[in-house]
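What follows is one structure encoded as structure tokens, with my remarks underneath.
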Amino acid sequence: MINKNNWYYKAMLLVAGGLLVCSCDSDPDSLGSQFFDGDTADGIKAAYDVVAYNLTNNDTIRSDGRISSSVRKDTLVLGAFSEPQFGKQKASFVSQIRMGSYAPSFGVNPVIDSVVMVLKPRYYSASDSVTTTTNEDYIWPEGSVAAKKVVKTYPVYKYGKKIINGAPAKLTVNINEVNNFLGSVSDTIISNAPVSVGTLIGSKTINGYITTVEITKDSDNSELLSRTTPSIRIPLDNNFFKTKILDKEGQADLSNVANFIRYFKGIRISVAEDDGYMMKLAIPSSEDIVMYYKRNTSATDTTRVQASLSFNLSSSNPSFSQIEYDRNGAAIQTALAASNPTTGDAKLYVQGMGGPNFGVTISKTTIEQLKELYKNEKIGIISAKLRFYSDEETWNNSYEKPKSFTVMKKNLYDFLSDITAYSYNGVYKLVKAYDTSKNPAYYDIGITKTLKTQVEDEDTPQDISLVMKLGDYLTNSSTGAYYGQNVDSRIYSPQRIVLVGTDPGNVKRAQLLVTYVKK
């Protein structure tokens, strides 16, 4: 028979030495729990109530998307969505715009053919999501060339209502000129920053799907057109660009960057509707807008040739997400007004993109109880986690549930010691989400090291106060290191959820779950 005390001391030595041993069945932040599976030790599980309460952000968030002056977050959100728990949320994108080249020469007799803006939504690419349509009898309009046209259709990622009144939800994407100067990339911009919007320069209604197009000649199978990146192509106003760009050839407004960004100050991309869905877009880059035009080959040769000028919304441009809320009549309005950090709130309203967070307090009394066990009964804490269930009464729907939260000590802008200790462990996860496709879902947030330090190392017991926000910490794709405590994905996380908070009569109330062993 294996001696239980020997196993205990071996486990504690491994923990003290900083060695984290993981198996398929163990939580990687459980500090040796794999040594106490089954009947090999006197593992005891205890549950403690916590105080969980709503925290408002006043529906604002830093939204310029900057990690640094040269690094921008890689996603933005566009759309509108309204439901009775959280009310209406509407997201637009505002950006300065720059020319591909300055002091352009448009040649002899230039005439604009078309101006197109390209947006690249996130989409589903699995083979069972893609529809392919082939037209073997297509005629290419220039020269009436016999050709084959292949169109592939992909569903866009949608958060919100995919169907409205029995039909696929549609959004009208509008492009407007911006009237006010947007500053520089070093400026911090908040999501409710006002913008003066001018002329509507383009619009397109989308049905939630995007396409690729390939056209080839019948005669030799050579390529006539190839657009292999699924996208939304929005036609812009030719007359606007004629007046704004083409007619300004040789003038100071187009001569350099400094002049141009004060002349053509930027654009806003928004949707006309107040309800539908939110979609994620790749951050714009080069050739986001292309002006196609024809000109004469020379002053003496009237042969027409194709030319183009690109404009971009790339990382050198200041830009931000503009987010609007209307909470009138929504359940969250009452919940936030009545929030009580002393006694807790029965329901927690958690939302990305500047919506509310929630706070959790593990009381000094709970810490004292565990410290007494540690002193008098020589317990060893091997796992500590906060558990939260989604609220079945108010959040019983098919909307995608969040998969993660960020966690920090209240008023301390630093990572939890758990993250610092285990972030380089390949299987460590601060938050584990369970049953997110079901009702209820639940979340376990591992705070083993944070609790152990307070119980075992601190002389004076005190509350542990944490703040949790919807989203995930971002890491450097090259090094894998975290950018920092305040660099996360909240600005492009449209999810929301109602969790059970401090509700004494509810078996799924927020709790601290501790597993420990006795010597």
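Given the pairs Lys45/Lys508; Lys438/Lys469; Lys170/Lys242; Lys280/Lys347; Lys347/Lys371, which span a C-alpha to C-alpha distance of over 24 angstrom in this model? Could the numbers behind the result be given before it?
On the way: Lys45/Lys508 16 Å; Lys438/Lys469 22 Å; Lys170/Lys242 31 Å; Lys280/Lys347 28 Å; Lys347/Lys371 30 Å.
Flagged as over cut-off: Lys170/Lys242; Lys280/Lys347; Lys347/Lys371.
Treating only the Cβ atoms of Lys and Arg (+1) and Asp and Glu (-1) as charged, compute the dipole magnitude of the chain about its Cα centre; round to the nearest 20 debye.
The dipole magnitude comes to about 260 debye.
With just the Cα atoms defining each centre, how far is the stretch 140-193 from the stretch 239-258? Give it in Å.
About 26 Å separates the Cα centre of the stretch 140-193 from the one of the stretch 239-258.
Rounded to the nearest 10 degrees, what's the angle between the helix 364-377 long axis and the longest principal axis of the chain, both from Cα atoms, 0 to 90?
50 degrees
So between Lys378 and Ile190, what do we pick up on full extension, going 0.36 nm a residue minus the alpha carbon distance?
Here the answer is 62.6 nm.
Over the residues of the stretch 185-229, compute the C-alpha Rg and express it relative to 2.2 N^0.38 Å.
2.17
To the nearest 10 degrees, how steeply does helix 4-16 sit against the main Cα axis of the chain, on a 0 to 90 scale?
40 degrees
Expressed in nm to one decimal, what extension gain is obtained for the pair Val111 and Ile163 from 0.36 nm per residue of sequence separation less their Cα-Cα distance?
Details: separation 52, 0.36 × 52 = 18.72 nm, distance 4.18 nm.
Residue separation times 0.36 nm, minus the Cα-Cα distance, leaves 14.5 nm.
Tell me the mean residue ellipticity at 222 nm calculated for the chain from its helices only (DSSP H runs of n ≥ 4, each -39500 (n - 2.57), averaged over every residue, nearest 500).
Roughly -3000 deg cm²/dmol at 222 nm, from the helical runs in the chain.
Cross-link list Lys73/Lys149; Lys90/Lys120; Lys248/Lys294; Lys161/Lys385; Lys375/Lys410: which exceed 24 angstrom alpha carbon to alpha carbon? Mind showing how you got there, number by number?
Values: Lys73/Lys149 36 Å; Lys90/Lys120 19 Å; Lys248/Lys294 17 Å; Lys161/Lys385 34 Å; Lys375/Lys410 28 Å.
Beyond 24 Å between Cα atoms: Lys73/Lys149; Lys161/Lys385; Lys375/Lys410.
Please report the base-10 log of the normalised intensity I(q)/I(0) for the stretch 329-395, using a Debye sum with one equal scatterer per alpha carbon and no solvent, at each q in 0.18, 0.22 (1/Å).
-0.84, -1.04
Given that compact globular proteins tend to follow 2.2 N^0.38 Å, what is the ratio of the alpha-carbon Rg of the stretch 44-89 to that value?
1.92
For Thr56, what is the net charge nearby, where nearby means another residue's Cβ is under 15 Å from its Cβ and Lys, Arg count +1, Asp, Glu -1?
Residues near Thr56 contribute +4 overall.
After finding the eigenvalues of the alpha carbon gyration tensor for the chain, what semi-axes result from the square roots of 5 times each, listed largest first in whole Å?
54, 25, 22
If R0 is 30 Å, what FRET efficiency do you get for Thr475 and Lys88 from their C-beta distance, rounded to 0.05? The partial results should precede the final answer.
On the way: r = 33 Å, r/R0 = 1.09.
Using R0 = 30 Å, I get an efficiency of 0.40.
How much length would be gained if the chain were fully extended between Thr453 and Arg62, taking 0.36 nm per residue of separation minus their Cα-Cα distance, in nm to one decimal?
In short, 137.5 nm is gained.
Where Rh is the Kirkwood radius over the Cα pairs of the stretch 464-519, the temperature 20 °C and the viscosity 1.002 mPa s, what D in µm²/s does Stokes-Einstein return?
143 µm²/s
Under Stokes-Einstein, with the Kirkwood radius over Cα pairs standing in for Rh, what whole-number D in µm²/s applies to the stretch 136-189 at 20 °C and 1.002 mPa s? It would help to have the intermediate numbers written out before the result.
Details: Rh = 17.1 Å.
For the chosen part, D equals 125 µm²/s.
What is the stretch 200-303 by shape, rounded, prolate or oblate, if you read a ≥ b ≥ c off the alpha carbon gyration tensor as root eigenvalues and call it rounded for a/c under 1.5, prolate for a/b larger than b/c, and oblate otherwise? Intermediate values should be presented prior to the final figure.
Details: a/c = 2.32, a/b = 1.08, b/c = 2.15.
Here the stretch 200-303 falls in the oblate category.
In nm², what is the average projected area of the convex hull enclosing the Cα atoms of the stretch 296-352? Please list the in-between numbers first.
On the way: hull surface 37.3 nm².
Taking the Cα atoms of the stretch 296-352, their convex hull projects to 9.3 nm² on average.
About the Cα centre, and with charges only on the beta carbon of Lys, Arg (+1) and Asp, Glu (-1), how big is the dipole of the stretch 395-513? Nearest 20 debye, please.
That gives a dipole near 520 debye.
Normalise the Cα radius of gyration of the stretch 332-444 by 2.2 N^0.38 Å (N = residues in it) and let me know the number.
The reported ratio for this selection is 1.26.
Under the classification rounded if a/c is under 1.5, otherwise prolate if a/b is larger than b/c and oblate if not, where does the stretch 69-156 fall, given a ≥ b ≥ c as square roots of the Cα gyration tensor eigenvalues?
Details: a/c = 2.49, a/b = 1.18, b/c = 2.12.
Cα axes put the stretch 69-156 in the oblate bin.
In the stretch 314-394, if the dipole is taken from +1 on Lys/Arg beta carbons and -1 on Asp/Glu beta carbons about the Cα centre, which of Leu386, Ala331, Pro356 is farthest to the positive end?
Leu386
Convex hull over the Cα atoms of the stretch 380-519, averaged projected area in nm²?
10.5 nm²
Decide, for the stretch 281-389, between rounded, prolate and oblate: order the square roots of the alpha carbon gyration tensor eigenvalues as a ≥ b ≥ c, take rounded if a/c falls under 1.5, and otherwise choose prolate if a/b is larger than b/c, else oblate.
Since a/c reaches 1.5 and a/b is larger than b/c, the shape of the stretch 281-389 is classed as prolate.
All of the numbers you see were taken from the coordinates with simple rules; none came from a lab. Owing to the predicted nature of the structure, the values given are computational and were not obtained by experimental measurement. Heads up, the Cβs are rebuilt from the backbone with ideal geometry, glycines too, and the neighbour counts pull from every protein chain shown.
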